[in-house]
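S.K.: There's a structure below that I have some questions on.
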There are 2 protein chains.
Amino acid sequence: MAEIKTAFNASCQNCGLQKICFPTGLTQNEMNQLDDIVNRKAPLQKNQMLFSAGDKFVSLYAIRAGGVKVYSFSDGGEEIIHGFYLPGDVIGIDALASRVHMFNAMALDVTSVCAVPFNELNDLSTKIPHLTQQVLNIMSKEVVEGRLHSELLTKKNADQRIAQFIWSMAERFKSRGYHYLEFRLSVLHRDVATYLGLTPETVSRILAKLHQEKVVTWKKKEVHIHDENALRSLAGNHFCDSHSCAKVV
Amino acid sequence: MAEIKTAFNASCQNCGLQKICFPTGLTQNEMNQLDDIVNRKAPLQKNQMLFSAGDKFVSLYAIRAGGVKVYSFSDGGEEIIHGFYLPGDVIGIDALASRVHMFNAMALDVTSVCAVPFNELNDLSTKIPHLTQQVLNIMSKEVVEGRLHSELLTKKNADQRIAQFIWSMAERFKSRGYHYLEFRLSVLHRDVATYLGLTPETVSRILAKLHQEKVVTWKKKEVHIHDENALRSLAGNHFCDSHSCAKVV
DNA sequence: CGTTAAATTGAGGAAGATCAATAGAGGTGG
DNA sequence: CCACCTCTATTGATCTTCCTCAATTTAACG
């Protein structure tokens with residue numbers, strides 16, 4: 001069923017995120033087939049759910065604009081944040097095994113997504129084996145991402161976690177061709193704290209310090225990186241003991 | 001190429017782990033086809049590498065006996081442990097995107113594995129679409145596992161982490177039909193500490209406490225769970241504040 | 001413009017890290 | 001099979017980082 005394409009409703013071929021959602025590329029014809037099954041949803045408002053834990057798994061979602069946080073709750077009712085997703089990211093892939101979403105996905109801002117019905121994607125995959133590989137790629141990247149996050153949680157102190165978080169967001173903007181030294185980040189400091197295993201107070205204190213030291217400023221959803229090298233250095237791993245702390249190449 | 005099947009070299013059909021590696025089941029015929037591509041390797045000795053970071057990705061590995069730790073190194077040279085894998089687990093799936101292993105996998109003990117060459121698995125998948133689903137299942141479980149680990153790292157204190165670790169190992173043995181209140185666990189306490197984001201000293205102190213309280217004893221690679229309920233309770237999530245700490249159902 | 005949620009700032013405390021010294025395992029070679 | 005050597009685990013004393021609690025200030029949104 002053909003849809004009317006607008007600026008907010010572009011076909012995959014015209015979508016600037018094409019190379020990000022499907023980086024190894026599809027032929028024009030394959031792209032058209034994919035385009036036919038993709039469902040462009042009305043933009044989500046801030047705090048609106050894209051899906052919730054317990055929902056039946058129907059589609060993968062490619063983010064076209066805005067941002068999404070993926071989270072769950074511990075048995076104790078605390079929020080556990082698993083990641084923040086930006087345009088070009090694909091989410092929902094963790095529900096593949098159980099066919100039920102295990103996590104919640106909430107818009108951080110006005111957000112538009114493409115829904116890719118998984119059964120139809122599967123059918124299409126028999127005609128475009130390449131497509132299966134794409135899905136596998138996205139999943140294995142997700143596994144690797146998770147392990148990097150575990151590294152952050154087990155090996156880094158609060159300063160390093162925050163520096164790494166900001167720098168990793170910057171890199172993601174950079175890789176998508178956006179400004180990466182100044183960008184809007186609709187993430188609550190409280191949510192960053194949760195994601196990084198810290199308290200809001202600690203995040204606030206460290207951001208104050210980073211601002212004072214003219215490394216990075218994050219005020220009112222706007223991030224300004226003043227000293228890229230300093231930030232990367234803070235984020236990176238170091239050989240440290242009580243006597244010295246030498247930066248590693 | 002037909003292989004001679006021995007007790008250490010059983011076909012998939014005769015392998016007791018069949019339902020664990022491929023839980024939704026394959027037909028006899030499908031199983032035979034899978035069996036033909038599976039490569040049963042000679043057992044690995046303790047501390048021998050199954051694969052290393054940087055190795056070209058060729059095969060997935062299904063663990064038949066023994067155990068494997070998957071780890072990497074931080075830029076600072078510290079070991080980062082991402083998981084311990086037991087018979088019936090499949091590893092290597094994180095290398096799918098890059099076609100290069102990003103992690104190291106080392107035998108914790110004498111360990112035998114089945115190597116499943118991924119290209120041949122892929123070819124077979126075009127004939128057995130079901131098989132692709134199995135691979136996706138394993139991957140998405142891996143993603144979910146990683147998020148549970150992040151929950152542990154962000155939300156639990158040292159006692160809870162250790163209780164949860166031991167209990168989760170017990171559950172894995174249980175689900176595979178082994179003794180789960182007494183089992184051999186060839187994992188160094190030091191490695192557990194690394195995995196849980198703690199120090200060996202802390203692990204040692206808490207294990208001493210758990211032994212004293214007759215909850216669980218872990219000495220010389222042998223785990224004995226004396227009080228299953230207490231262990232589960234310690235591992236679980238609690239509503240806590242400074243005045244009370246009520247267990248949640 | 002008023003109301004509510006989020007962020008900031010300070011003081012005090014606790015969990016776990018660090019440091020150091022000893023005891024115990026496990027593996028190797030005589 | 002035992003003695004030795006090394007790696008791992010244990011135990012205690014001290015210290016640091018980050019959390020907790022409480023009080024304001026600031027921002028967000030109808």
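Nothing in this text is a laboratory measurement; each read-out follows from the coordinates by a stated rule. What you see is a predicted model, and the numbers here were worked out from it, not measured in a lab. No Cβ is skipped: glycine too gets one built from the backbone with ideal geometry, and neighbour counts run over all protein chains shown.
S.K.: Mind jotting down the three principal axis lengths of the protein assembly as shown based on Cα atoms? Whole angstrom, largest first.
M.R.: Principal-axis extents of the Cα atoms in the protein assembly as shown, largest first: 63, 58, 47 Å.
S.K.: Still on this structure, please answer the following. Put one equal scatterer on each alpha carbon of the range B:161-209, apply the Debye formula with no solvent term, and list log10 I(q)/I(0) at q = 0.26 1/Å to two decimals.
M.R.: Taken in order of the listed q values, log10 I(q)/I(0) reads -0.99.
S.K.: If each residue's Cβ is checked for other Cβ atoms within 10 Å, how do A:Glu201, B:Glu30 rank with the fewest at the top?
M.R.: Ordered by Cβ neighbours within 10 Å, fewest first: A:Glu201, B:Glu30.
S.K.: Amide H to amide H under 5 Å from B:Leu108: which residues, 5+ apart in sequence or cross-chain, H placed 1.01 Å off N in plane?
M.R.: Correct list: B:Asn47, B:Gly67, B:Val68, B:Lys69.
S.K.: Could you tell me what fraction of 2.2 N^0.38 Å the Cα radius of gyration of the range B:156-247 comes to, as a two-decimal ratio?
M.R.: 1.06
S.K.: Let me ask another. Using the alpha-carbon centroid of each, what span in Å lies between the range B:169-241 and the range A:172-223?
M.R.: So the separation of the two Cα centres works out to 37 Å.
S.K.: Please give, to one decimal in nm, the separation of the simple spin-label points placed at A:Glu78 and B:His224, each 7 Å out from Cα toward the Cβ.
M.R.: The modelled label-to-label distance comes out at 3.4 nm.
S.K.: Would you mind working out the magnitude of the charge dipole of the protein assembly as shown relative to its Cα centre, with +1 at each Lys and Arg C-beta and -1 at each Asp and Glu C-beta, to the nearest 20 Debye?
M.R.: Approximately 480 debye in magnitude.
S.K.: A further question on this structure: Can you sort A:Phe165, B:Phe103 by how many other beta carbons sit within 10 Å, fewest first?
M.R.: A:Phe165, B:Phe103
S.K.: Say a label goes 7 Å from Cα toward Cβ at B:Thr27 in every copy; what distances in nm does this one have to the rest, shortest first?
M.R.: Values, ascending and in nm: 3.1.
S.K.: Say each of A:Ala42 and A:Arg190 gets a label point 7 Å from the Cα, pointing the same way as Cα to Cβ; how far apart are those two points in nm?
M.R.: Between A:Ala42 and A:Arg190, the label points sit 2.8 nm apart.
S.K.: What residue among B:Met31, A:Ser175, A:Thr126 has its Cα farthest toward the positive end of the dipole of the protein assembly as shown, where the charges are +1 on Lys, Arg and -1 on Asp, Glu, each on the Cβ?
M.R.: A:Ser175
S.K.: Residue by residue through the range A:217-226, what is 3J(HN,Hα) from phi via Karplus (6.51 cos²θ - 1.76 cosθ + 1.60, θ = phi - 60°)? Round to whole Hz and write x for glycine and proline.
M.R.: 10, 10, 10, 6, 6, 10, 9, 10, 8, 8
S.K.: Which residues does the label zone of B:Ser168 cover in the range B:62-92, counting backbone N under 20 Å from a point 7 Å along Cα→Cβ?
M.R.: Of the residues in the range B:62-92, B:63, B:66-74, B:79-92 have backbone N under 20 Å from the label point off B:Ser168.
S.K.: Here's a follow-up. With each pseudo-label sitting 7 Å past Cα toward Cβ, what's the B:Lys127-A:Ala53 distance in nm, one decimal?
M.R.: It is 4.2 nm.
S.K.: What does the convex hull of the alpha-carbon atoms of chain A project to on average, in nm²?
M.R.: With every direction weighted equally, the projected area is 15.2 nm².
S.K.: Something else about it: Find the Rg to Rh ratio for the range A:34-113, where Rh is the Kirkwood radius over alpha-carbon pairs and Rg uses the same atoms.
M.R.: Reported Rg/Rh, Kirkwood definition of Rh: 0.96.
S.K.: Something else now. With +1 on the Cβ of every Lys and Arg and -1 on the Cβ of every Asp and Glu, and nothing else charged, how large is the dipole of the range B:40-120 about its Cα centre, in debye rounded to the nearest 20?
M.R.: Dipole magnitude for the range B:40-120 comes out near 360 debye.
S.K.: For the range B:42-55, what does the Karplus curve 6.51 cos²θ - 1.76 cosθ + 1.60, with θ = phi - 60°, yield as ³J(HN,Hα) per residue in whole Hz, taken in order and with x for Gly and Pro?
M.R.: Once rounded to whole Hz, the list reads 4, x, 8, 7, 3, 6, 7, 7, 7, 8, 10, 4, x, 4.
S.K.: How charged is the neighbourhood of B:Arg184? Take every other residue with its Cβ under 14 Å from the Cβ of B:Arg184, and add Lys/Arg as +1 and Asp/Glu as -1.
M.R.: +3
S.K.: A further question follows. B:Glu79 label points, 7 Å along Cα→Cβ, one per copy: pairwise distances from this copy to the rest in nm, shortest first?
M.R.: 3.7
S.K.: Sort A:His189, A:His101 so the one with the fewest other Cβ atoms within 10 Å of its own Cβ comes first.
M.R.: A:His189, A:His101
S.K.: 7 Å along Cα→Cβ for the label point: how many nanometres lie between A:Gly54 and each equivalent label in the other copies, listed shortest first?
M.R.: 5.0
S.K.: For the range B:197-209, take each phi angle, set θ = phi - 60°, evaluate the Karplus expression 6.51 cos²θ - 1.76 cosθ + 1.60, and give the result in whole Hz per residue in order, putting x for glycine and proline.
M.R.: Along the range B:197-209, the couplings run x, 10, 9, x, 4, 5, 4, 4, 4, 6, 5, 4, 5 Hz.
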